[in-house]
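Inspection log for the structure reproduced underneath, given as structure tokens.
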Amino acid sequence: MSKSLTIDVPSGRTSVVALKSGADGKIISYGTKVKSVVDEAKRKGVDDPIIMFVPKKGHRYIY
């Protein structure tokens, strides 16, 4: 069984985050548009980032 991971989102307006790997949960880029988040991750040297959508306050998603 895999363990759960909590990710601290840096901004209340963030709707998309990019992670380098699913193991550490460290956010490498974030924002409101997928393309800009992926582009920033690639500029930071991560060619294949893990993209996650941030639920709105009061909502929960299960990945």
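Condition check ((1) at pLDDT below 90; (2) among the acidic types (Asp, Glu); (3) loosely packed, with under 12 Cβ neighbours inside 10 Å; (4) in contact with a strand residue (DSSP E or B) (Cβ under 9 Å, 6 or more places away or on another chain)) across all residues:
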position: Gly22; (1), (2), (3), (4): yes, no, yes, yes
position: Gly25; (1), (2), (3), (4): yes, no, no, yes
position: Asp39; (1), (2), (3), (4): no, yes, no, yes
position: Asp48; (1), (2), (3), (4): no, yes, yes, no
position: Met52; (1), (2), (3), (4): yes, no, no, yes
position: Ile62; (1), (2), (3), (4): yes, no, yes, no
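Can you tell me which of Ser36, Ser21 is polar (S, T, N, Q) and assigned to a helix (DSSP H, G or I)?
Values: Ser21 fails: assigned to a helix (DSSP H, G or I).
So the residue among Ser36, Ser21 that is polar (S, T, N, Q) and assigned to a helix (DSSP H, G or I) is Ser36.
For first residues located in region 25-54 and farther than 11 Å from Thr14 by Cα, partners that are crowded, with 18+ Cβ neighbours inside 10 Å and small (Gly, Ala, Ser) and lie 6+ apart or on another chain with Cβ distances below 6 Å form the pairs Ile28/Ala18; Ile28/Ala41; Glu40/Ser29; Ala41/Ala18; Ala41/Ser29; Pro49/Ala18; Pro49/Ala41; Ile51/Ala18. For region 1-18, the tally of residues that are modelled with pLDDT of 85 or more and part of a loop (DSSP other than H, G, I, E, B) stands at 1.
The values are calculated or read from the model by the stated rules, or taken from the named source; none is laboratory data. As the structure is a prediction and not an experimental result, all values here were calculated from the model. Neighbour counts are summed over all protein chains in view; Cβ atoms, including those assigned to glycine, are modelled from backbone coordinates with ideal geometry.
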